[in-house]
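The values are calculated or read from the model by the stated rules, or taken from the named source; none is laboratory data. Only a predicted model underlies this, so the values are computations on that prediction, with no experimental measurement involved. In this analysis, Cβ positions are derived from the backbone assuming ideal geometry, glycine residues included, and neighbour counts consider all displayed protein chains.
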Amino acid sequence: MNVTHEKKGLWLALMLSGVGCGTGIVGAPETAPAAPEDDEDVVSAMNAEHEPMQATLGNPLPRLSHAELGLFDAGLAQFDEVEGPADGLGPVFNDTSCGKCHSVPAAGGGSTTLETRFGAIDGGSFDPLTQFGGSLIQAKGIGPAGSCNFVGETVPPEASVVAQRRTIPLFGLGFVDAVPESTFLFVARTEAFLFPSEAGRVAMVPDIASGRNAVGRFGWKDQETTLHQFSGDAYLNEMGVTNPEFPAENCPNGDCALLACNPEPGLNDDGSDVTAFTDFMTLLAPPPRAALSSEASEGKRVFAATGCSHCHWATFHTGSAAVPSLSEATFHPYSDFLLHDMGSLGDGIVQGAALGSELRTAPLWGISAVTEFLHDGRATTLPQAILAHDGQARRARNAFAALSPQDQAALVAFLNSL
């Protein structure tokens, strides 16, 4: 079922009146903080004054102050800077700069680069095999250092689960970071009311800065709560650079004795680089929208009718933010940012609050610039990606499969407008 106007009206009345304790919403807003369908999403985002906030891919948000543009430029420079062992790179790592992987089709994008994760099922439970360096493979090493020779990690024979993950585009994530936690609780409660068999759940994961559990919203498994934590995690686990929130070096394939040869054993970054990465991502514009053709307009209707909008929500609203352009803004990511059981499409890796079959709903904005789809890049066309959906998305997948070729083409045309 798609959300009819009558049912949406009932949903709004119930949800905004605070039915049910613990919605996390203090003071019912006049409009919903998020909506699965929206007829006004003609641009990627608008600020509080309803001015468009989209730009060419890789560019900063429009209407930034001179100081904010300076932070963006400095962050981009740091994002693209190639690190070496003297900077703390490694001793094992996946690449030498953020920009090496986040480069397609522009700085801050994704890429076809795949990282490898592994683990094992032990007594029905997932074991990340940390004693062998799990669950993330660092595929490169810095080479000879002292009496050691650091080489890339390999998947140990003890692993029974091996998965790959595609690099996630970073466009527009400042908007996601500025969404109040209560909104994601609202979305989860709304889905449970409107379509319970497909409802996602909020990932509550540790927020290092606050020392509490908070709503996860970044990463394939919703494992990170903020852009700052997302940055620090990537600096350590993708480049091997320790920083204040992630100070412990990775042991190559689990052999911590090798760290005695680590040429830079202290804290590699005092936090300034992580802050620069965060500034860049915060101020990076969302992907621009294309004008809707008549076919794409029809595809938008089909998108809702097949139930795609049950998980790929069109509209979110930010709260108060330090960057005026991001404060009280409206944006259209086409995701609910919740965890969903994807059945056979899941990667088998337990991470954060996510089970092996669960993945965060991938935002669809900017998908027209992507060439490989799904978390592991297995699909090379949008129809292939849709037909690979499973678990809670099976009903929408089957609805797509039952469409006429004309309606399928229209839905794809709509996706390519995002």
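Worth pointing out:
- Qualifying positions in the stretch 193-212 - farther than 27 Å from residue 167 by Cβ and either out of contact with any strand residue (DSSP E or B) (no Cβ under 9 Å at 6 or more places or on another chain) or among the polar types (S, T, N, Q) (or both): 193, 194, 195, 196, 197, 210, 211
- Residues of the stretch 26-84 satisfying the condition of being of a type in the set (Ser, Thr, Tyr) and farther than 22 Å from residue 328 by Cβ: 56
- Restricting attention to the stretch 338-372, the residues that are of a type in the set (S, T, N, Q) and part of a loop (DSSP other than H, G, I, E, B) add up to 3.
- Filter result (more than 20 Å from residue 115 (Cα to Cα), among the polar types (S, T, N, Q) and either buried (at least 24 other Cβ atoms within 10 Å of the Cβ) or at pLDDT below 95 (or both)) within the stretch 210-237: 225
- Residue match in the stretch 196-209 (condition: more than 21 Å from the chain's Cα centre (by Cα), at pLDDT 95 or above and in a helix (DSSP H, G or I)): yes
- Test: residue in the stretch 302-314 that is surrounded by fewer than 23 Cβ atoms within 10 Å (Cβ to Cβ) and closer than 21 Å to residue 52 by Cβ: no
- Only one of 179, 151 that is touching a strand residue (DSSP E or B) at 6+ places or on another chain (Cβ under 7 Å) and in the same structural domain as residue 315 (by TED's automatic domain parsing): 179
- Every residue from the stretch 135-181 that is closer than 13 Å to residue 93 by Cα and not charged (D, E, K, R): 136, 137, 138, 139, 141, 142, 143, 150, 151, 152, 154
- When the residues of the stretch 268-286 are filtered to those that are of a type outside the set (Ser, Thr, Tyr) and without any contact (Cβ under 8 Å) to a residue 60 or more places away in the chain, the one that is farthest from residue 178 (Cα to Cα) is 270.
- Cβ pairs under 6 Å, 6+ apart, first in the stretch 378-390 and within 15 Å of residue 405 (Cα to Cα) and assigned by TED's automatic domain parsing to the domain that holds residue 342, second of a type in the set (A, V, I, L, M, F, W, C) and at pLDDT 95 or above: 382/412; 382/415; 386/400
- Of everything listed in (1) part of a helix (DSSP H, G or I); (2) over 25 Å from the mean Cα position of the chain (by Cα); (3) not assigned by TED's automatic domain parsing to the domain that holds residue 32, the single unmet condition for residue 265 is (1).
- Evaluation of residue 291 against the conditions (1) over 27 Å from residue 195 (Cβ atoms); (2) out of contact with any His (no Cβ under 6 Å at 6 or more places or on another chain); (3) part of a helix (DSSP H, G or I) shows that the sole unmet condition is (3).
- The set of residues in the stretch 177-193 being buried (at least 20 other Cβ atoms within 10 Å of the Cβ) and not small (Gly, Ala, Ser) consists of 177, 179, 183, 184, 186, 187, 189, 190, 191.
- 2 or more residues farther than 20 Å from residue 352 by Cβ: qualifying strands (runs of 3 or more DSSP E) within the stretch 129-182: 143-145, 148-150
- Only one entry of 119, 90 meets the criterion of being outside the structural domain of residue 330 (by TED's automatic domain parsing) and within 30 Å of residue 357 (Cβ to Cβ), and that entry is 119.
- Apart from one condition, residue 259 fits all of (1) surrounded by fewer than 20 Cβ atoms within 10 Å (Cβ to Cβ); (2) part of a loop (DSSP other than H, G, I, E, B); (3) not small (Gly, Ala, Ser); the exception is (2).
- Sole exception among (1) within 30 Å of residue 259 (Cβ to Cβ); (2) surrounded by 14 or more Cβ atoms within 10 Å (Cβ to Cβ) for residue 82, by number: (2)
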